[in-house]
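Before any comments, here is the structure.
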Amino acid sequence: MKKIIIAIDGHSSSGKSTMAKDLAKQIGYTYIDSGAMYRALTLYSLQNGIIYGEKINEEKLRLSLPDIKITFQLNAQSRQPETYLNGRNVEKEIRGMEVANWVSAIAAIPYVRQALVAMQQELGKHKGIVMDGRDIATVVFPDAELKIFVTASPEVRARRRLEELIAKGENASYEEVLANVKKRDYMDSTRTEGPLRQADDALILDNSFMTVPEQKAWLITQYNRVVNQ
Ligand code: C5P
């Protein structure tokens, strides 16, 4: 069967990662979480004095880029890929609120995007991948065979995100999470480089009122349609 690239873009906490991971597992593709790469870079910046007070030292970040290695390794137990920063597993750390509060500012820096887009293109050069993010169908893989744009209302997404944070034992209020979701939507869709937008040839999925199994079924139908045509 022909191998394709599946690009899944969408808003924060729209459930795109869950969908993308499930699909990759089901069809034997590699799943790549491009957001985790921006998050890992943000964690590095927080831990190395690049983010200080309310500021980002962009020059220091640019000079540090060659020293930052972001990789993925499969967790043998969960069979899910986990994010490594310079050889250290940071999967849990990159999901916290501190990283969430800074990641969109780091991701708006043009040279950061250029570096990570190049890495993402390299990861997809043999096809057979499902990658999710904001600019995957528009910038990273404009020729992807299947493009999906996932969305849901900010309130639905904030509830989902809050449940995830609580399940991980993090402290956050609904208002705080909703404000973060809206702020990231705004920053992600108004930046000049690689803004979040639906590719003209992407299929839209609004999953506000869909269950996970319903989304899964919809996605596999789309995949089968493309590989069999
Ligand atoms: O997907 P996730 O919410 O983990 O992504 C974290 C942040 O990384 C997003 O809010 C966005 O600012 C940035 N991002 C991006 N481009 C991507 C993936 C994520 O700018 N392809």
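The values are calculated or read from the model by the stated rules, or taken from the named source; none is laboratory data. Here the structure is a predicted model, which is why all the values come from computation and not from measurement. Glycine also receives a Cβ, built like all others from the backbone with ideal geometry; neighbour counts cover every protein chain displayed.
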(Q) I'm trying to understand the selection: among the residues of the stretch 95-114, which are of a type outside the set (A, V, I, L, M, F, W, C), within 18 Å of LYS168 (Cβ to Cβ) and away from the ligand (no atom under 12 Å from the Cβ)? (A) GLU98
Q) In the stretch 162-216, what count of residues is obtained for those that are part of a helix (DSSP H, G or I), exposed (fewer than 11 other Cβ atoms within 10 Å of the Cβ), at pLDDT 95 or above and of a type in the set (A, V, I, L, M)? A) 0
**Q.** Test result for ALA118, in a helix (DSSP H, G or I), more than 12 Å from the ligand (Cβ to nearest atom) and either farther than 15 Å from GLU193 by Cβ or modelled with pLDDT of 95 or more (or both)
**A.** yes
Q. Does ASN86 satisfy the criteria of being polar (S, T, N, Q), closer than 23 Å to LEU46 by Cβ and at pLDDT below 95?
A. no
Q: State which residue pairs qualify: first residue closer than 9 Å to THR138 by Cβ and inside the stretch 184-203, second residue at pLDDT 95 or above and of a type in the set (Val, Ile, Thr) in any location, beta carbons under 6 Å apart, and separation of 6 or more residues or different chains.
A: GLY194/VAL139; ALA199/THR138
Q | Cross-chain or 6+ apart pairs with Cβ under 6 Å, the stretch 31-52 first and farther than 16 Å from GLU82 by Cβ, then of a type in the set (Lys, Arg) and surrounded by fewer than 21 Cβ atoms within 10 Å (Cβ to Cβ) | A | ILE50/LYS60
**Q.** Residue satisfying condition, being under 17 Å from the mean Cα position of the chain (by Cα) and surrounded by fewer than 21 Cβ atoms within 10 Å (Cβ to Cβ), within set MET131, MET97
**A.** MET97
